[in-house]
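The values are calculated or read from the model by the stated rules, or taken from the named source; none is laboratory data. These figures come from a predicted structure and were not determined experimentally. FYI the Cβ positions are ideal-geometry reconstructions off the backbone, even for glycines, and counts take in every protein chain you see. Note: areas computed on protein heavy atoms with side chains; ligands, DNA, RNA excluded. Shrake-Rupley method; radii C 1.70, N 1.55, O 1.52, S 1.80 Å.
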Amino acid sequence: MSLLSKICNCECSLTNAFLWTALAVGIIKVTRSALSFFTIILESYILPGVNFAKYGANKGNWAVITGASDGIGKEYAFQLAKKGFNIVLVSRTQSKLEIVAKEIETKFKKETKIIAFDASTDAPENYELLSKSLQGLPVTILINNVGQSHSIPVSFLDTTDEEMSQIITLNNIVTLKVTKVVAPIIESTIGDKKKVHGLILTMGSFAGLVPTPYLGVYSGSKAFLQNWSASLAGELKSKNIDVELVISYLVASAMSKIKRSSFTIPNPKQFVSATLKNVGRRVGAQERFATITPYPSHALMHWGIESFIGVYSKIVNKINLDMHKSIRIRALKRAARLEAEKKQL
Ligand SMILES: NC(=O)c1ccc[n+]([C@@H]2O[C@H](COP(=O)([O-])OP(=O)(O)OC[C@H]3O[C@@H](n4cnc5c(N)ncnc54)[C@H](OP(=O)(O)O)[C@@H]3O)[C@@H](O)[C@H]2O)c1
């Protein structure tokens, strides 16, 4: 065989190997995406909900919920009471907590406890009060729900030091310190009851999933929770405590300032119902350990971004930047209009 034909043969087999490898990689990628898509459909619409007997429902056990006086937290309180837990309601406004407690006691015939403090102060007394109030209670569930975002989208350099500190304190420091108080209580409650698990859910956000210009501090604080929560999940797994970060796109609430729900924006009741139905599963967060994106349309969005664009891609960053710049302009216009109306009165 001539040297030329030997080179030709060698090039052909290299090209063939390259094409076969590319095809195999493509098939693996498409199969993975298709499988995770079908898992989302299965978990969202077909599988039955998780049975909360696993967490000691209807056995006199308690769930502790932060930010429980409004929005998503209030709904966690109602739905966990309905599932058979007594509820510790932690939040800032005593009067709002009293109304929630009364509704739980009359509607679901469950016991409640109220703990009111301004968590943004990060005062040691807050955690002492929490610890004292929980003494002797068989707690099996903690919902780390309290959180704060920017009042309106704002560039990082224009974010006030006060807003920056409040977001980091409430979303991160408070979440960590509350967990330090409550997790050991859960551990001792489940103790040697081998069949009962503990549960710690922490509210994440799409802003933590994808970098979000003009909500930079909030975005960073929620991304922090992703790694912290998944690390904790690893540490507490052998102790039968399930730890999960809950990722959500917009939900109609005081924080989002959205009143009407839609296909992509559930109300708190729909959101919490989807979350509790699938605790322990991943729904839209197929690629992440100890993480759930529970609401069906949010799950599809998470899957789409992750599979086709990439959470850290330039394009997602740009879309987010443009969207939040435009929300800021509209929010400023609205504030100016309200100010003008106030002056006319
Ligand atoms: N809504 C969304 O679109 C969305 C999307 C993704 C993730 N999330 C996350 O979901 C969680 C709940 O959000 P949400 O929309 O339900 O909020 P929300 O309706 O504004 O409710 C916030 C709750 O936190 C309490 N709270 C706020 N500041 C506090 C403070 N300094 N000390 C103690 N309690 C305080 C509030 O108490 P008061 O009643 O006293 O105000 C209220 O109970 C947050 O972690 C948020 O980041 C929300």
Among helices (runs of 4 or more DSSP H) entirely inside segment 160-250, those with 1 or more residues being under 13 Å from the mean Cα position of the chain (by Cα) and without any contact (Cβ under 8 Å) to a residue 40 or more places away in the chain are 206-209, 216-236
Suppose we filter segment 79-101 for residues that are part of a helix (DSSP H, G or I), within 13 Å of the ligand (Cβ to nearest atom) and either open to solvent by 10 Å² or more (accessible area, probe 1.4 Å) or in contact with a Cys (Cβ under 7 Å, 6 or more places away or on another chain) (or both); how many remain? 5
Which one is nearest to Glu98 (Cα to Cα), of the residues in segment 115-130 that are open to solvent by less than 80 Å² (accessible area, probe 1.4 Å) and within 9 Å of the ligand (Cβ to nearest atom)? Ala116
If you take the residues in segment 251-279 that are assigned to a helix (DSSP H, G or I) and away from the ligand (no atom under 11 Å from the Cβ), which one is most open to solvent (accessible area, probe 1.4 Å)? Lys269
State which residue pairs qualify: first residue touching a residue at least 12 places away in the same chain (Cβ under 8 Å) and inside segment 52-70, second residue open to solvent by 10 Å² or more (accessible area, probe 1.4 Å) and more than 15 Å from the ligand (Cβ to nearest atom) in any location, beta carbons under 6 Å apart, and separation of 6 or more residues or different chains. Phe52/Lys83; Lys54/His197; Tyr55/His197; Gly56/Val196; Ala57/Lys83; Asn61/Pro138; Trp62/Asn86; Trp62/Leu137
Test each condition in (1) more than 16 Å from Ile167 (Cβ to Cβ); (2) more than 11 Å from the ligand (Cβ to nearest atom); (3) open to solvent by less than 20 Å² (accessible area, probe 1.4 Å); (4) not aromatic (Phe, Trp, Tyr) for Val246 and report the one that comes out false. (2)
Please enumerate the residues belonging to segment 61-78 that are more than 14 Å from the ligand (Cβ to nearest atom) and of a type in the set (Gly, Ala, Ser). Ala63
Taking Val316, is it open to solvent by less than 50 Å² (accessible area, probe 1.4 Å), part of a loop (DSSP other than H, G, I, E, B) and not basic (Lys, Arg)? no
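Mind telling me which of the residues Leu245, Leu276 ends up being at pLDDT 95 or above, within 22 Å of Thr39 (Cα to Cα), touching a Phe, Trp or Tyr at 6+ places or on another chain (Cβ under 8 Å) and of a type in the set (A, V, I, L, M, F, W, C)? Write out each step before concluding.
Values: Leu245 fails: touching a Phe, Trp or Tyr at 6+ places or on another chain (Cβ under 8 Å).
Just a single option satisfies the conditions, and that option is Leu276.
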Please work out which one of (1) open to solvent by less than 80 Å² (accessible area, probe 1.4 Å); (2) away from the ligand (no atom under 15 Å from the Cβ); (3) in contact with a Phe, Trp or Tyr (Cβ under 8 Å, 6 or more places away or on another chain) is the condition Ala22 fails and give its number. (3)
Conditions (1) touching a Gly at 6+ places or on another chain (Cβ under 8 Å); (2) within 10 Å of the ligand (Cβ to nearest atom); (3) open to solvent by less than 30 Å² (accessible area, probe 1.4 Å): number failed by Thr140: (2)
Members of segment 102-144 found to be of a type in the set (Asp, Glu), assigned to a loop (DSSP other than H, G, I, E, B) and free of Cβ contacts under 8 Å to residues at least 12 places away in the same chain, listed by number: none
Unmet requirement for Thr169, which otherwise passes all of (1) in contact with a helix residue (DSSP H, G or I) (Cβ under 6 Å, 6 or more places away or on another chain); (2) open to solvent by 80 Å² or more (accessible area, probe 1.4 Å): (2)
